[in-house]
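Values in this text are rule-based calculations from the coordinates and carry no lab data. The structure presented is a predicted model; accordingly, all values stated were derived computationally and were not measured. Cβ placement follows ideal geometry from the backbone for every residue including glycine, while neighbour counts extend to all protein chains displayed.
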Ligand code: PMV
């Protein structure tokens, strides 16, 4: 089914050659999206922090052409990157009904990440969001009357068609994607900024990413989502996520650190439990992931600090803590946790405001 709201009226206007650039952040889900249907629609609502430092910067250069097909080349960090083409091709095909003008141009896409490519940090969310924002800038040039609200909503909508969690990489600091009857404005097709006021305790919340495994993960998220289709615990999990998201919003609003820690860690382990109980079953955590988790629990018990963790679909560990605990936590990371990291690598980040147009 097409989402008619985002199908533009036909226009005879054609742009001369030009380019648009944007930078979009990576995001880390606290309430996880795991399981989808249709074309990139989530089985449950998810909630994420947008990051500040980890981002993708993309330039979309266009020249008009006559042959009415999708035609593009991709460069990653200034080198031709044909390996990125299939994913971008799928993206263009999916967005074409909503951006028919794309077939009137030849594109050259230049993209770079602020985080190392081989760090185990997925760039699909930030990458698809950055590309969508470039497409929207083009659309705005063709339809100058477009409102800012429509611009960002449609950017999230298009990004979602490229990679589900990319829908959340548009704005910040907290994004919600997926329909929830108790969250006003929430919908499956695009992500919205958290409509609730966040407590100052969570402002500038830190996220230090411990790089446990730089390699490509062995089981893709696409396959993982698929395995939720015949998963014995899937339905219960979707129901649980619907309860958890409301609880988390309550903790974020009231500044309840204890509630936040318990819920966020439980969500992370539940995500991995879903993987471990799929058929076929698999593990993305490494021994060091578990060692880090144990060390965090010990540290919290002995120091009373608010350090907690979350996990993506991989072995790396996201450490979450308030800015006021930065000095102490960094010492703990340097002296202890970094010994579990591949080549001692970690990336310091914090919650950010969302994407920027360049
Ligand atoms: O957007 P995808 O298809 O790469 O799936 C992302 C899934 C998780 O990162 C594990 C959770 C999430 O909500 O981001």
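Odds and ends about this structure:
- Amide N proximity, segment 90-132 versus residue 15 label position 7 Å along Cα-to-Cβ, cut-off under 12 Å: 101-108, 132
- Mean Cβ count within 10 Å, highest first, over the residues of peptides 149-159, 183-193: 149-159, 183-193
- Stretch gain in nm, segment residue 218-residue 325, where the contour uses 0.36 nm per residue and the Cα spacing is subtracted: 35.0 nm
- Helix 148-162 vs. the chain, principal-axis angle (Cα, 0 to 90°, nearest 10): 80
- Between helix 257-276 and the chain there is an angle of about 70 degrees, using the helix long axis and the longest principal axis of the Cα atoms.
- Alpha-carbon centroid distance for the pair segment 339-355 / segment 185-261, whole angstrom: 18
- Relative contact order for segment 203-350, counting Cα pairs under 8 Å that sit 6 or more residues apart, in percent: 45
- As a length-normalised measure over Cα pairs under 8 Å and 6 or more apart, the relative contact order of segment 4-196 settles at 27 percent.
- q = 0.17, 0.19 Å⁻¹, segment 203-350: log10 I(q)/I(0) [Debye, one scatterer per Cα]: -1.03, -1.21
- Translational diffusion coefficient (Stokes-Einstein; Kirkwood radius from C-alpha pairs) of segment 4-196 at 37 °C, 0.692 mPa s, in µm²/s: 196
- Spacing of the modelled spin labels on residue 298 and residue 204, each 7 Å from Cα toward Cβ, amounts to 3.1 nm.
- Angle in degrees between helix 124-142 and the longest Cα principal axis of the chain, rounded to the nearest 10: 30
- Residue exposure sequence - 327, 43 - by fewest surrounding Cβ within 10 Å: 327, 43
- Ranked by the mean number of other Cβ atoms within 10 Å of their residues, highest first, the peptides 26-34, 318-326 fall in the order 26-34, 318-326.
- Highest-first arrangement of 137-145, 346-354, where packing means the average Cβ count within 10 Å: 346-354, 137-145
- Angstrom value of the Kirkwood radius, inverse mean 1/r, which spans all Cα pairs in the chain: 20.9
- Alpha-carbon centroid distance for the pair segment 43-107 / segment 1-20, whole angstrom: 15
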